[in-house]
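The values are calculated or read from the model by the stated rules, or taken from the named source; none is laboratory data. The model shown is predicted, which means the values in this text are computed figures rather than measured ones. For neighbour counting, all protein chains shown are included, and Cβ atoms are generated from backbone atoms with ideal geometry for every residue, glycine included.
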Amino acid sequence: MPGIVAVETAETHAQVLQNIHSRIAGAAPNARMDTHEEWLNDLLRFTGALQLAAVILALVIGITTVTAVAGAVRARLAINRAEVELLHLMGASDRYITRQFQRHSLILALRGGIAGAIGGALVLALIGWVAGKMDVAILPDFRLDPVQMAMLALTPFLAAAIASATARWTVLRVLESFP
């Protein structure tokens, strides 16, 4: 069973640490020496990797959202093709037709975004509550600061804007092929 020995030194510059390390290696070749700085650097590197993973995940979600909205709009256009062609032949502008699809996508995305933001806020509150009950100093504080709360509150509007722009772009592209 491995043992842990904690050592506090009055001086912690590189020469002192190297001297301690060489003495430990001479006494026990399989022993390992970790300093707080090494451990903290590992922890910071890990949190940086988690942040990068979160950014990549957000990009994947954004791309998936654009793809899903474009597919749904194309399907809806295909289902209502005869009506859209009739509107087009009767003189309805591409802008009018586009706005109808854009409005529908905006409302659906706003509803879904609000539900997702509320769910996310509840999960963060639950994690914060559980982490607060654990009394472990290593865990960060899970409370959101005002900027983070504002970002969470703006997320549904960002999702709605992405859905609306995607719907507009998709409908205009499809309408180009209409007579």
Next on the checklist: Residues that are farther than 30 Å from L40 by Cβ, of a type outside the set (A, V, I, L, M) and surrounded by 15 or more Cβ atoms within 10 Å (Cβ to Cβ): does region 138-155 have at least one?
Outcome noted: yes
Item to check | Residues located in region 48-87, provided they are closer than 18 Å to A160 by Cα, hydrophobic (A, V, I, L, M, F, W, C) and in contact (Cβ under 8 Å) with a residue 12 or more places away in the chain | outcome: V66, V69, A70, A72, V73
Next on the checklist: Can you tell me how many residues within region 150-179 are touching a residue at least 60 places away in the same chain (Cβ under 8 Å) and among the charged types (D, E, K, R)?
Outcome noted: 1
Item to check | Residue selected from region 81-135 under the condition among the aromatic types (F, W, Y) and surrounded by fewer than 14 Cβ atoms within 10 Å (Cβ to Cβ), by the criterion modelled with the highest pLDDT | outcome: Y96
Checklist entry - Would you say T67 is within 40 Å of the chain's Cα centre (by Cα), surrounded by 10 or more Cβ atoms within 10 Å (Cβ to Cβ), closer than 18 Å to S177 by Cβ and among the β-branched types (V, I, T)? => result no
Next on the checklist: Against the condition hydrophobic (A, V, I, L, M, F, W, C), exposed (fewer than 10 other Cβ atoms within 10 Å of the Cβ) and more than 25 Å from G120 (Cα to Cα), how does A6 come out, does it pass?
Outcome noted: yes
